[in-house]
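Following: one structure in structure tokens, then a few remarks.
Read-outs throughout are calculated quantities, based only on the coordinates presented, and are distinct from any laboratory measurement. This structure is a prediction, so every number in the text was calculated from the model and none was measured. Note that we place each Cβ from the backbone using ideal geometry, even for glycine, and neighbour counts take in every protein chain shown.
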Amino acid sequence: MSGLEAFWTRADGVGRFVALLLLAMSVTAWVLILWKAWLLGRAAADIERAVPAFWDAAGIEAGRARLEATDRERVLLPLLQAAAAVAAEGTLATRAHLESQLTRRLRDALHRGLAHLQTGQVALASIGSTAPFVGLFGTVWAIYHALVGIAAAGTITIDKVSGPIGEALVMTAAGIAVAVPAVLAFNIFGKRVAACEAELEGFAHDLRELMVAPGSGSEARAGTAAGAASGAG
């Protein structure tokens, strides 16, 4: 026996726990990688289609209908709903100027959308940064375990030393193999999230300018709020 099979057979409880931990980290990383690739791909495609469709609409209600049909990940529609919302009278939210109210609501909606897109990023970063150290710990522990066994046997030969130590180094290789995809995915997804964030910020800014434009009027905003509320219901 050699490699992982030999390591598993000779390992004690700590060594097997480290191996299972690395396996769990690898499975988690790949599940997140596949899911986030699907999520961010959909979100980017939605933004690319939905934003031009919204601005090509004849009115805000028609634009809202187009967002509902194309914004599958719901990162754009909440911005429109936030811009069209009307705060309850007598609250602190109504004491600010309209521009400030819009800025606050759009900022909150934007943060919620970005939080959805960033889901799993912390886990990928954690796996990528800790997996090599987990593998290294497994190697150190396996070498210690092997040396204790050799010392107990009373005889030291090159084959008795090189075999267990070579098998122990498999844990370091496993840790690196787990970390590399997680780190690459984290960097790639971070770039995609940043691109989506720039598009969402631009859309939010344009919505704010639309809502505070002189031609929008309070009646138009009230009608938009009613339509957004009925669409959300």
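Note the full-extension length gain between Ala213 and Ile188 as 0.36 nm times their separation in residues minus their Cα-Cα distance, in nm to one decimal.
The Ala213-Ile188 span can extend by a further 5.2 nm.
With θ set to phi - 60° and the Karplus curve 6.51 cos²θ - 1.76 cosθ + 1.60, what are the ³J(HN,Hα) couplings of region 65-76 in order, to the nearest whole Hz, using x for Gly and Pro?
4, 5, 5, 4, 7, 10, 8, 5, 8, 6, 10, 9
Which of the peptides 177-184, 76-83, 11-18 is most tightly packed, and how do the rest follow, judged by the mean count of other Cβ atoms within 10 Å per residue?
Output ranking for 177-184, 76-83, 11-18: 76-83, 177-184, 11-18.
Per-residue HN-Hα couplings for region 178-191, Karplus 6.51 cos²θ - 1.76 cosθ + 1.60 at θ = phi - 60°, whole Hz, x for Gly and Pro?
6, 6, 4, x, 5, 5, 4, 5, 4, 5, 5, 5, x, 5
Just to be sure I understand the model, the point goes 7 Å from the Cα along the line to the Cβ. What's the resulting Glu68 to Ala173 distance in nm?
5.7 nm
On a full-extension model of 0.36 nm per residue, what is the gain between Ala24 and Gln121, subtracting their alpha-carbon distance, rounded to one decimal in nm?
Length gained between Ala24 and Gln121: 33.2 nm.
If I model a spin label at Thr130 and His97 as a point 7 Å from the Cα along the Cα→Cβ vector, what separation in nanometres do I get?
Here the modelled spin labels are 4.8 nm apart.
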